[in-house]
Amino acid sequence: MPEPGVEIVRSNLSEHAAAVAWSHLGQGGSEPTEIILLSKRVKSSIYRLVGATLERSSVVAKYCQRHTARHERIIYEEILPKLPVTTPQFYGFVAGESDFDWLFLEDVQGERYSRENESHSILAARWLGLLHTSAAYLANSKVLPNRGPEYFVEQLKVAHQSLSHSLSTLHLTPADFAVFVTVVSQCAFLESHWNQIERWCERMPRTLVHGDFKPKNAVIRRGSRGVTFLPFDWEASGWGVPAADLAFVDIPVYHSTVQDIWRALNFQDLLRMAVVGKIFRGIAEFNWESQKFDPRWEFSTVKLRFYQDRMTEAIGMAGWEA
């Protein structure tokens, strides 16, 4: 998982919380030669433990909120091992302090997934097709959170309410005010047309959804056994229609992968689901940004303008019924 480090620790490594947790896991290996902080956010921190395994390869340690760790642990321990898809090795879980726990994964090295790379796009579409068709028959799907249209309409309502409130309370420039007005109008439009989205989703089987399938969350590894596509970060995953996963995927390749299993689905159904996926992704982006306006509204408005443009494109592609 090649990410630029934001901080490197080379001294007193055995005392670092990530190294202590790794030693408690009991996977063998030795003290890492260095620890790199890859990401630090309010809800999670991610570290690379260089040379920590018996083979002197690196390990990724994710320190995240307990409910997130519990969910991803279910995915890595109970779901993915039953499916014929390639994934990074999951080393295990260690309880942390307060409401946070540790997850340890293989540090996957390789090429960052790029949607502009044709060979990458083919690998991604085939991997998703295999994931979705094989996971649709899982008996333990009830342990996964809902990621169907019901989930996204609730996110939509929360974002709509929050953005409407911010529109009346923030001191916005005319340009930023226009962005808010447009996004609030988009939320209102989608709420009023949600019954159509639900009807479109009825055409798709329910299955395991990655939920955050984008370039930063996948690596392509090339080796003596061929090329392997390796997605990670299952925090947003759940059970539902796989629309969000299809938003930016090569639909012809995906269709060729799933058509022998999902024979009732036609190519037009999948094109429609890709558009619905763009709408779902846009709703998630609106909801995320709507939580960040106080006190950092200037930064959030810049991103909201970008998300507004993408939602405008998605709504225009949907082909709404009269």
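The values are calculated or read from the model by the stated rules, or taken from the named source; none is laboratory data. In this text, all values refer to a predicted model and were calculated from it rather than measured experimentally. Cβ: placed from backbone, ideal geometry, glycine included. Neighbour counts: every protein chain shown.
Screening residue 91 with (1) assigned to a strand (DSSP E or B); (2) surrounded by fewer than 15 Cβ atoms within 10 Å (Cβ to Cβ) gives one miss only, at (2).
Quick one: is residue 159 surrounded by 17 or more Cβ atoms within 10 Å (Cβ to Cβ) and either assigned by TED's automatic domain parsing to the domain that holds residue 116 or not in a loop (DSSP other than H, G, I, E, B) (or both)? Criteria met by residue 159.
Conditions tested, residue by residue: (1) without any contact (Cβ under 8 Å) to a residue 40 or more places away in the chain; (2) farther than 18 Å from residue 216 by Cα; (3) not charged (D, E, K, R).
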{"position": "10", "(1), (2), (3)": "yes, yes, no"}
{"position": "20", "(1), (2), (3)": "yes, yes, yes"}
{"position": "29", "(1), (2), (3)": "yes, yes, yes"}
{"position": "35", "(1), (2), (3)": "yes, yes, yes"}
{"position": "53", "(1), (2), (3)": "yes, yes, yes"}
{"position": "58", "(1), (2), (3)": "no, yes, yes"}
{"position": "71", "(1), (2), (3)": "no, yes, yes"}
{"position": "83", "(1), (2), (3)": "no, yes, yes"}
{"position": "112", "(1), (2), (3)": "no, no, no"}
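Would you confirm whether any residue within the stretch 121-139 is free of Cβ contacts under 8 Å to residues at least 40 places away in the same chain and within 26 Å of residue 62 (Cα to Cα)? Among the residues of the stretch 121-139, not one is free of Cβ contacts under 8 Å to residues at least 40 places away in the same chain and within 26 Å of residue 62 (Cα to Cα), which makes the answer no. State whether the residues of the stretch 225-232 include one that is in contact with a Gly (Cβ under 7 Å, 6 or more places away or on another chain), at pLDDT below 95 and on the phi < 0 side of the Ramachandran plot. No, every residue in the stretch 225-232 fails to be in contact with a Gly (Cβ under 7 Å, 6 or more places away or on another chain), at pLDDT below 95 and on the phi < 0 side of the Ramachandran plot.
When we screen 191, 202 for residues that are in the same structural domain as residue 289 (by TED's automatic domain parsing), farther than 30 Å from residue 117 by Cα and touching a His at 6+ places or on another chain (Cβ under 7 Å), the only hit is 191. The residues of the stretch 212-260 that are buried (at least 22 other Cβ atoms within 10 Å of the Cβ) and polar (S, T, N, Q) amount to a single one, 237.
Specify the residue that is surrounded by the fewest Cβ atoms within 10 Å (Cβ to Cβ); the eligible residues are those in the stretch 172-211 that are hydroxyl-bearing (Ser, Thr, Tyr) and touching a helix residue (DSSP H, G or I) at 6+ places or on another chain (Cβ under 7 Å).
By that ranking, first place goes to 182.
Kindly provide the set of residues from the stretch 188-204 that are assigned to a helix (DSSP H, G or I) and either of a type in the set (A, V, I, L, M, F, W, C) or closer than 30 Å to residue 104 by Cβ (or both), ordered by number. Matches in the stretch 188-204: 188, 189, 190, 194, 197, 200, 201.
For the stretch 73-100, the set of residues classified as of a type in the set (Val, Ile, Thr) and closer than 20 Å to residue 137 by Cα consists of 74, 75, 79, 85, 86, 87, listed by residue number. Scan (1) touching a helix residue (DSSP H, G or I) at 6+ places or on another chain (Cβ under 8 Å); (2) in a helix (DSSP H, G or I); (3) assigned by TED's automatic domain parsing to the domain that holds residue 213; (4) in contact (Cβ under 8 Å) with a residue 24 or more places away in the chain for the single condition residue 167 breaks and write down its number. Exception for residue 167: condition (4). Restricted to the stretch 142-163, and to residues that are polar (S, T, N, Q) and under 18 Å from the mean Cα position of the chain (by Cα), which residue is farthest from residue 246 (Cα to Cα)? Restricting to residues being polar (S, T, N, Q) and under 18 Å from the mean Cα position of the chain (by Cα), the top hit is 155.
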